[in-house]
1. So which GluC sites (Glu not before Pro) in segment 1-62 end up in coil per DSSP with only 15 or fewer other C-beta atoms within 10 Å?
2. Can you give the net charge of the other residues whose Cβ lies under 15 Å from the Cβ of PRO163, counting K and R as +1 and D and E as -1?
3. Would you compute, for the Cα atoms of the chain, the largest minus smallest coordinate along each principal axis and list the three values in descending order, in whole Å?
4. Within 13 Å, Cβ to Cβ, of GLU107, how many net charges do the neighbouring residues add up to if Lys/Arg are +1 and Asp/Glu are -1?
5. Could you compute the longest span of the chain free of trypsin sites (Lys or Arg not before Pro) located in DSSP loops and having at most 13 other Cβ atoms within 10 Å, not counting the site residues?
6. Per-residue HN-Hα couplings for segment 16-31, Karplus 6.51 cos²θ - 1.76 cosθ + 1.60 at θ = phi - 60°, whole Hz, x for Gly and Pro?
7. Given springs between every Cα pair under 10 Å in a Gaussian network model of the chain, which of PHE24, PHE130, PHE89 has the largest fluctuation?
8. Order these by the 10 Å Cβ neighbour count, fewest first: TYR26, TYR120, TYR88.
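No lab work stands behind these numbers, since they all come straight from the coordinates. Keep in mind it's a predicted model, so treat the numbers as computed, not measured. Note that each Cβ is placed from the backbone with ideal geometry, even for glycine, and that neighbours are counted across all protein chains shown.
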Amino acid sequence: MTLDLIPASAREQLDCIENLMQFFNYELSAWYPVRLAEHGLYRLRPKAPYWAEPRTRPYLLQVDGEPAGFAVLDGDCLEPAQQLNLGYFFIVRRFRGQGLARQAFAELLRRHPGAWEVYYLAHNQHADAFWPRLLPSLGLQGLQREHRVVDEEPSVWFRFDTP
C-alpha cells in the first residue's frame, strides 16, 4: 500500500475532504451529540473561509489512489507560542490498524517543522487510544500533555516541537 499526502487546493479535493468530514462526524457522534440535519447529513460550518486562511493547510490522504482520510493543519492554536495546530485528522475505518495514521502524521511533522499542538475531545475513545501512544514514540522535543476545557468541552492537549 502506498500512502500519499496530497496538498488539497483544487475545489474537487476540498469537496472530497468535506465529504469525508461526514464520516468524521459520524465517528465523533459515538461520544458527542453531533446532530444530523433534516436532510440526513451532518451540518458542517461553511469551510470556504477556513480553507482561505493563510495558515490552513488541508491534505487529502490517499492509499493507492483511493481517498483514505484527511489532515488539516491550521493556526487555531490555544497557546500563542505554538505555530501549528492539527485541526483535523481522520483515517477511514478500512485503512486503520495498518500504520498509515502514524506514517501520515510523521510525514506532516517532516513537512511542517515547528511548535505544534494537538488536542482532542476527552471522551473520544479512538483519539484517546491513539495520540497518547503515538506522540511519545516519535521523538518529539518538549512533549507535554494537559487536560483542558476547550469550547466548554473537556479535552486532552499536547504541545511539542519537531526535532
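1. Details: sites: GLU12, GLU18, GLU27, GLU38; in loops: GLU38.
Within segment 1-62, the qualifying GluC sites (Glu not before Pro) (loop, at most 15 other Cβ atoms within 10 Å) are GLU38.
2. On the way: positive: ARG110, ARG111, ARG159; negative: GLU107, ASP161.
Taking every Cβ under 15 Å from that of PRO163, the sum is +1.
3. 45, 37, 33
4. Numbers: positive: ARG57, ARG102, ARG110, ARG111; negative: ASP4.
Overall, the nearby charge balance is +3.
5. Working: sites that count: ARG35, ARG43, ARG55.
Longest stretch, sites excluded: 56-163.
6. Couplings: 4, 4, 5, 5, 5, 5, 4, 5, 4, 5, 4, 4, 5, 5, 5, 10 Hz.
7. PHE130
8. Working: TYR26 13, TYR120 21, TYR88 18.
In increasing order of surrounding Cβ atoms, one gets TYR26, TYR88, TYR120.
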